[in-house]
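Just below is one structure, and these are the notes that go with it.
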Amino acid sequence: MEKLYTGTNFLTEFRKRETIRNSITISIKYWSAFLAENDCAPAIAGGYGGNLSCRTQEGFFITAAGANLAELQDEQITHVRSFNLQMNKVIVDGVCLPSSESLLHGAIYEARPEINAIFHGHHSVSLSQSKALKIKVTANEAPYGSKELINEVLRILSDENFVIMKNHGFLSMGKTTDEAGEMVRKVRGLLRSGDG
Ligand SMILES: [Zn+2]
């Protein structure tokens, strides 16, 4: 569902204004381009859909709010050092505001210690397709960046590595960025060979 993108719903405190480039951010850029090429990061009013993150020792790297994944720049990857769901706040190193779904990514990392990469894309999977592929779908639609959306996802997350947020998009998870990305490739392939 195409929704107006109006920015992040939480407070961002910048600690260090720095651009980060290392093997993790290079991999995030690679898979960002992959999601864009596979129609998972469409333009929406006010920005672009989709965001990718990878756990670090202290927090996680995540793509910037509203970033165009097709041409992600180094400064559009922000390091979320810590976050607080109750206070609705993140503390970051970086240049750009982190993805509006930063708290969702953080909540999943908290719930799933074995998961180190989370990719969120916008691609429509019909209810019949998700059933055929045994993909769990959240029970209720919830606004992007909302606590309701986090709760809806946590309710079905269990040990799934690919779930659908109803009328919104998917979350692909893995121990590594490559695992999360290959999962997207696999599901996209299954959709292509299925009923479209
Ligand atoms: Zn989204």
> Cross-link partners among aspartates and glutamates for LYS134, C-alpha distance below 13 Å, same-chain residues fewer than 8 apart left out?
Replying inline: GLU160
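How large is the charge dipole for the chain, taken about the Cα centre, if only the Cβ atoms of Lys, Arg (+1) and Asp, Glu (-1) carry charge, to the nearest 20 debye? Before the final figure, lay out each step's value.
Numbers: 21 positive and 22 negative charges, 46 e Å.
Charge dipole, the chain, about its Cα centre: 220 debye, nearest 20.
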> Using a cut-off of 30 Å between alpha-carbon atoms, which lysines can reach LYS136, once sequence neighbours fewer than 8 places away in the same chain are excluded?
Replying inline: LYS3, LYS29, LYS89, LYS147, LYS166, LYS175, LYS186
>> Placing +1 on the Cβ of each Lys and Arg and -1 on the Cβ of each Asp and Glu in segment 20-124, which of ILE44, ASN22, HIS122 has its Cα farthest towards the positive end of the resulting dipole?
In response: ASN22
>> If you restrict to DSSP beta bridges whose two residues both lie in the chain, what percentage is antiparallel, to the nearest 5?
In response: 80
>> Explain nothing, just compute: Karplus ³J(HN,Hα) = 6.51 cos²θ - 1.76 cosθ + 1.60, θ = phi - 60°, for every residue of segment 26-32 in order, whole Hz, x for Gly and Pro.
In response: 5, 5, 4, 5, 4, 6, 4
>> Per residue, how much accessible surface does segment 31-177 expose to a 1.4 Å probe? Answer in Å², no decimals.
In response: 39
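Calculate the FRET efficiency for LYS186 and GLU75 from the Cβ-Cβ distance with a Förster distance of 22 Å, rounded to the nearest 0.05.
Values: r = 31 Å, r/R0 = 1.42.
Approximately 0.10, to the nearest 0.05.
Give the longest segment of the chain that steers clear of trypsin sites (Lys or Arg not before Pro) in DSSP loops with at most 12 neighbouring Cβ atoms within 10 Å, not counting the sites themselves.
In the chain, the maximal stretch lacking such sites is 22-133.
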> Modelled label-to-label distance, LYS16 and GLU160, 7 Å Cα→beta-carbon offset: nm?
Replying inline: 3.7
>> Ignoring ligands, DNA and RNA, please state the percent of accessible area on segment 113-196 from carbon and sulfur, probe 1.4 Å.
In response: 53
>> If Rh is defined by the Kirkwood formula over all Cα pairs and Rg also comes from Cα, what ratio Rg/Rh do you get for the chain?
In response: 0.93
> Which ³J(HN,Hα) values, rounded to whole Hz and listed in residue order, are derived for segment 79-96 from phi using the Karplus coefficients 6.51, -1.76 and 1.60 in 6.51 cos²θ - 1.76 cosθ + 1.60 with θ = phi - 60°, glycine and proline given as x?
Replying inline: 9, 7, 7, 7, 9, 9, 4, 5, 7, 6, 8, 10, 10, 10, 10, x, 10, 9
> What are the residues whose amide H is under 5 Å from the amide H of THR56, where those residues sit 5 or more places off or on another chain and H is modelled from the backbone?
Replying inline: PHE61
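Which whole-number percentage describes the relative contact order of the chain, with Cα contacts under 8 Å and a sequence gap of 6 or more? All intermediate terms of the calculation are to be shown ahead of the outcome.
Numbers: 391 pairs, mean separation 41.9, N = 196.
Taking the mean separation of contacting Cα pairs over the length of the chain, I get 21 percent.
Normalising by the residue count of segment 119-176, find the relative contact order in percent from Cα pairs under 8 Å and 6+ residues apart.
That works out to 44 percent.
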> How far, in degrees from 0 to 90, does helix 177-193 lean away from the longest principal axis of the Cα atoms of the chain, to the nearest 10?
Replying inline: 30
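Is there a quick way to get the dipole size of segment 83-173? I mean about its Cα centre, with the Cβ of Lys and Arg at +1 and of Asp and Glu at -1; what is the value in debye to the nearest 20? Mind dumping the intermediate values first?
Details: 8 positive and 9 negative charges, 52 e Å.
Result for segment 83-173 is approximately 260 debye, rounded to the nearest 20.
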> Once both axes come from the Cα atoms, what is the angle between helix 102-111 and the longest principal axis of the chain, in degrees from 0 to 90, rounded to 10?
Replying inline: 70
>> About the Cα centre, and with charges only on the beta carbon of Lys, Arg (+1) and Asp, Glu (-1), how big is the dipole of segment 143-196? Nearest 20 debye, please.
In response: 140
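The values are calculated or read from the model by the stated rules, or taken from the named source; none is laboratory data. What you see is a predicted model; the values in this text were computed from it and never measured. Every residue, glycine among them, receives a Cβ derived from its backbone with ideal geometry; neighbour counts consider all protein chains shown. The area values use the complete protein model at the heavy-atom level, side chains included, leaving out ligands, DNA and RNA. Shrake-Rupley method; radii C 1.70, N 1.55, O 1.52, S 1.80 Å.
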